[in-house]
Amino acid sequence: MPLSEHEQRMLDQIERDLYAQDPKFASAVRRGGGGGIRSAQGPRKLQAIALFVVGLVLLVAGIPLSTQSQLFLLVSLLGFLLMFGAGVLILLGGKGRSAGTAGEAGSTERAAAPKKRPSGKSFTARMEDRFRKRFE
């Protein structure tokens, strides 16, 4: 569903304000290096996928063992835990290495005073005003 002209103008304004307030973050978002599954790099991602597949095999392999209830439960639980661990690894794996560098860079950026617009109101205050006016 395409955006209306008003929504497109608001989105452009938000983008301009983002670039003005934090150009480094805005360029990282534009490049697509923001996080999620893409943040897990090469070997870590392959390890997580392999671990997930092994967990899935163990989970399904427990089904024929259902005649022996304790063994079925143990194998299936182990498979589930491996799959869960793989999911956590793929989602959080890449952030551990980049968190230190992002934290160091962020501390120097926070020390600088944020630039104010000539209107004197912050971006969030202007957006809150627009939101309130919409329902008045």
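The values are calculated or read from the model by the stated rules, or taken from the named source; none is laboratory data. This one's a predicted model, so the numbers in the text were calculated from it and none came from an experiment. Counting neighbours? That spans all protein chains shown, and the Cβs are built from the backbone with ideal geometry, glycine included.
Summary table below
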| read-out | value |
| --- | --- |
| Spans of helices (runs of 4 or more DSSP H) in segment 1-67 with at least 3 residues at pLDDT 85 or above, over 22 Å from Thr124 (Cα atoms) and not polar (S, T, N, Q) | 42-61 |
| Among the residues listed as Ser122, Ser76, Ser107, the single one being at pLDDT 80 or above, within 23 Å of Ala20 (Cα to Cα) and either surrounded by 11 or more Cβ atoms within 10 Å (Cβ to Cβ) or not basic (Lys, Arg) (or both) | Ser122 |
